[in-house]
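Data first, discussion second: the structure below is written as structure tokens.
The values are calculated or read from the model by the stated rules, or taken from the named source; none is laboratory data. Remember, it's a predicted structure, so these values are computed and weren't measured experimentally. Here the Cβ is made from the backbone with ideal geometry for all residues, glycine too, and neighbour counts use every protein chain on show.
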Amino acid sequence: MTPTARAQSGDMVAVGRSWGIMKRPAAVLTTLLLAIGLLAAPPPSTVSAAPRDIDNSSLESVRDAYLTWLRPALSAPWTWDGDPSKCVSGSPSPQNQPAEAAGAFSPGGRAATLEAINYYREMAGLQPVTEYAPGSHLAQQAALIMHANNLLTHTPTSSLACYSKDGEIGAGTSNLYLGRVGARAADGFVDDPGANNVLVGHRRWVLYPPLSGVGIGSTDKSTSLVVFDSGSQNNNPRPSGGTPWPSAGYVPWETMPTSGRWSYGAPRGTNFSNATITMTKNGSPWPVQVTRSNELYGDPAVVWTGGPITEPAGDTVDTYDITVAGIPGGPINYQVKTFRAAVARVGTVTVAGDPSVGNTLTATANDPQPSDAYVSYAWYADGDQVGSARTYSVAASDVGKQLVVKATAALAGWANGTTSSSALTVKPGVLKPQGVGIDGTPVVGQSLSFVKGNWGTGLSPTFSLQWLRNDEAIPGAVSSPYLITAADLGTNIALRVTGMVPGYTSATVTTGSVGPVTAPVTPTPTPTPPTPTPTSPSPTPTTPTPTTPAPTPTTPTTPTTPPSPPKKFTNVPTPTISGTAQVGKILTAKPGSWSPAPSSFQYQWYRNGKAITGATGRTYTLAPAIKGGTVTVRVTAARTGYATTTSKPSKTTKKVKVGTITAVKPKISGTVRIGHTLTAVPGKWKPTTTRFAYQWYRNGSKIKKATKVNYLLGSTDKGKKISVKVTGKATGYTTKAKTSSKTGKVSA
């Protein structure tokens, strides 16, 4: 088959490479569709691409092909070693320019170009092509002419710099691109943007079913793709049916035509003069504008445009239903499903830990793709966000709610992808009382006191008390201290304590008993024996007879030893504080060396002499409310047989300074392309309560009203570099700002 000759030209020249690989920018390209025989020329060594299979009915198969086939090809490295300054001229004109002028496009670059072409042919259900060596020589000579003169023409004349006869032949049989190289030019040929490319001739040659070989030539700014000759390149079998683009089935949104041009080609002889197109998008009618082409550019085709091809949100799929009517064998019905293929994602999200109040849960993002994606976390309780770190401390307000963590993967050039964990039902926390006891001596008239002990780190329960006598509740004895009465004599006294904290299941513990209770003993005084009184003698001397017997002395009763009062600690040191007096820092109390050693310590922290609610641990993290105040601590010691004793307050700290936010350099995720949205990714700042404000910049200058976490790239951003400044604020902390690195230049 000999195609009819017709040239197709662009209306502007795009000079320079554009390296964004997510969607194809419009640039100037042109196709000459002239069938002429190729002259013999020294061929370069050829490269080939391995055949692959794509299941268009499988989203995952299509996604995998895009990510492992086309995307690597578009970013593959290449080199060109030519130098236009070494071109020769003369009369007659040279057959070809010398090797040092034309140079060689590297094998890796040519292989990547084949990969890109064959990806699109495989998506369209066509056989792959190989490199056609004679065509590659001509293509390289043609690319040199375009490079040296910074123009696109299928009919170069001998007056042009670096002209050669082989270059003229190559230009007359090629798709030409100025501003793109190799695989990216092949990608652009399928897109086919530009005001003069309404018939998508470049696409139709790349997707020409019989095409079996292509010639590849590139400099560092121009590409020539020899796509036809008298027939030696057209050896592939033709499949049955037509050739639509975008192809039927799943299609990555990244490969959808930015030109907005859809096409359906059919074998020679098909008459599209009366062809009509109807379309729906997600079930809603889509207006179309149709252009028909019965000849030229490979196969006949009908070309049409519809509404804007918008980026599917997240993991959604947009469905287009197309009907081609008014053609022999019609109507033809097919469906195109577009989805975002280059989405950074997390395989699964798992949560470690017990979802009970007071516990800390840790999220893990498994198998992030790509592996270097940045992963951020957000925790939700019944749909309301409650945390933004990898770990989350379950709060009392979460009881009964469904807790979910979402992991979002972000990477520049990829759309953000979010994966959710399974929901966890939050349970009340469990109190774990330790060291609860009684302090005092079990003697009638003495008092017993409640020793609170420790119910959990940072917890300050309210208590319900009930004193027990021989395990029976003592009526009305529900507070501390408890005064021992005569009714308790000979019994054992214990205390039943119920601790209550919001969000926790109440816990009840009964102390060990003290006793038996003894009576207070009053010492009995020792009696004094009576002194005998002698009888006066009779004046008449007689034999004296004693009238009163000698008194019998009374044996004194041994007094009972009175109960000893509680002992006192012999050394009560003043505690000290270590740590930095700054919001967010941790202070530690050091109780000192008591004598004898207490069995337990309790702590109370103070701000400006007033107790800080809940600050009863040995350590205290300085809260924002403490800013500007001074801090002290008192220590209470307990030991059996000793009076519970509270120390003097420690020496005051310096005034608590404002905290310092720990910040990291933010990143930007998203496609650097007009019409796409960039997202600021602050990273992990401390404290986790930090609130963020954003300001976007264009080439270092502030963009007015661009103060949200997201920024939609517009036409004024074209060719500019974008950055974002993230400012973190937190109560009690100094404000801090960090600016991201600049993106690459925004492409069209």
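Quick notes
- Residues satisfying the stated conditions in region 458-490, i.e. touching a Phe, Trp or Tyr at 6+ places or on another chain (Cβ under 7 Å) and among the polar types (S, T, N, Q): Ser480
- Residue in region 637-645 that is of a type in the set (Lys, Arg), under 30 Å from Asn571 (Cα atoms) and in contact (Cβ under 8 Å) with a residue 24 or more places away in the chain present: yes
- When region 410-443 is filtered for residues that are polar (S, T, N, Q), assigned to a loop (DSSP other than H, G, I, E, B), modelled with pLDDT of 90 or more and in contact with a strand residue (DSSP E or B) (Cβ under 6 Å, 6 or more places away or on another chain), only Ser421 remains.
- Restricting attention to region 395-416 and to residues that are buried (at least 18 other Cβ atoms within 10 Å of the Cβ) and polar (S, T, N, Q), the residue that is farthest from Thr671 (Cα to Cα) turns out to be Thr408.
- Of the residues making up region 713-725, one or more are of a type in the set (Gly, Ala, Ser), outside the structural domain of Leu411 (by the TED database) and within 27 Å of Ala378 (Cβ to Cβ).
- Just one of the listed residues (Ala494, Ala477) is in a strand (DSSP E or B) and either at pLDDT 90 or above or more than 29 Å from Val386 (Cβ to Cβ) (or both), namely Ala494.
- Summed over region 315-332, residues that are among the polar types (S, T, N, Q) and modelled with pLDDT of 95 or more total 2.
- Looking only at region 44-65, and only at residues there that are part of a loop (DSSP other than H, G, I, E, B) and acidic (Asp, Glu), the one that is modelled with the lowest pLDDT: Asp53
- Counting only strands (runs of 3 or more DSSP E) that sit wholly inside region 564-678, those with at least 3 residues that are over 38 Å from the mean Cα position of the chain (by Cα) are 600-607, 631-638.
- Where a residue in region 735-746 is closer than 22 Å to Trp685 by Cα and its partner, wherever it lies, is of a type in the set (Ser, Thr, Tyr) and assigned to a strand (DSSP E or B), with Cβ under 7 Å and at least six apart: Thr735/Thr727; Ala737/Thr727; Thr739/Ser723; Ser740/Ser723; Ser741/Ser723; Lys742/Ser723
- Those strands (runs of 3 or more DSSP E) of region 283-326 in which at least 2 residues are free of Cβ contacts under 8 Å to residues at least 24 places away in the same chain and surrounded by fewer than 18 Cβ atoms within 10 Å (Cβ to Cβ), considering only elements entirely within it, cover 284-286, 289-293.
Let's see how each residue does on (1) under 30 Å from Lys452 (Cα atoms); (2) hydroxyl-bearing (Ser, Thr, Tyr):
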| position | (1), (2) |
| --- | --- |
| Pro649 | yes, no |
| Thr652 | yes, yes |
| Val658 | no, no |
| Thr662 | no, yes |
| Ser669 | no, yes |
| Ile674 | no, no |
| Thr677 | no, yes |
| Trp685 | no, no |
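Residues checked against (1) closer than 30 Å to Thr391 by Cα; (2) in the same structural domain as Ser741 (by the TED database):
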site: Ile626; (1), (2): yes, no
site: Ala637; (1), (2): no, no
site: Ala663; (1), (2): yes, yes
site: Ile668; (1), (2): yes, yes
site: Pro687; (1), (2): yes, yes
site: Lys704; (1), (2): no, yes
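- From the list Ser89, Ser75, Ser106, the one residue that fits, being over 22 Å from Ile145 (Cα atoms) and surrounded by fewer than 20 Cβ atoms within 10 Å (Cβ to Cβ), is Ser75.
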